[in-house]
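The values are calculated or read from the model by the stated rules, or taken from the named source; none is laboratory data. Not measured: the values here are computed from a predicted model. Note that we place each Cβ from the backbone using ideal geometry, even for glycine, and neighbour counts take in every protein chain shown.
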Amino acid sequence: MSKIDIPNHTIFVCDGSKCGKYSKEIRRVFKDKIKDNHLKGEVILIKMDCSDNCDHAPVVSFQPENIWHGEVTERKAEKFFDRYILER
């Protein structure tokens, strides 16, 4: 059997019909932050289907902390990454 390395953190970005209007830019911020901080393999970024939180689009979730944020902008994405990934 092959061993699968489990990342320390997983960031889910909703890509449903409403969130999807913004999710590409939000994912780009997270991809850049992961790359700039040499965290490939430690942090994984996943585009998820609709989280059913359309009233709060765009929605982002940080795991394993189970922290969810709505109305995420590119600037907020940067701050959340620093808070939940870099400062832990």
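Below is a table of values for the structure above.
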read-out: Residues of the stretch 34-65 satisfying the condition of being in contact with a Pro (Cβ under 8 Å, 6 or more places away or on another chain), surrounded by 12 or more Cβ atoms within 10 Å (Cβ to Cβ) and more than 16 Å from residue 13 (Cβ to Cβ); value: 42
read-out: Where a residue in the stretch 53-64 is under 22 Å from residue 43 (Cβ atoms) and its partner, wherever it lies, is part of a strand (DSSP E or B) and of a type in the set (Ser, Thr, Tyr), with Cβ under 9 Å and at least six apart; value: 61/10; 62/10; 63/10; 64/10
read-out: Tally of residues being part of a helix (DSSP H, G or I), modelled with pLDDT of 95 or more and buried (at least 19 other Cβ atoms within 10 Å of the Cβ) across the stretch 1-26; value: 1
read-out: Candidates 29, 72, filtered to the one that is in a loop (DSSP other than H, G, I, E, B) and either among the aliphatic types (A, V, I, L, M) or surrounded by fewer than 15 Cβ atoms within 10 Å (Cβ to Cβ) (or both); value: 72
read-out: Residues of the stretch 32-60 satisfying the condition of being in contact with a Leu (Cβ under 9 Å, 6 or more places away or on another chain) and either outside any helix (DSSP H, G or I) or over 16 Å from residue 84 (Cα atoms) (or both); value: 37, 39
read-out: Of residues in the stretch 21-62 being of a type in the set (S, T, N, Q) and within 10 Å of the chain's Cα centre (by Cα), the one farthest from residue 73 (Cα to Cα); value: 61
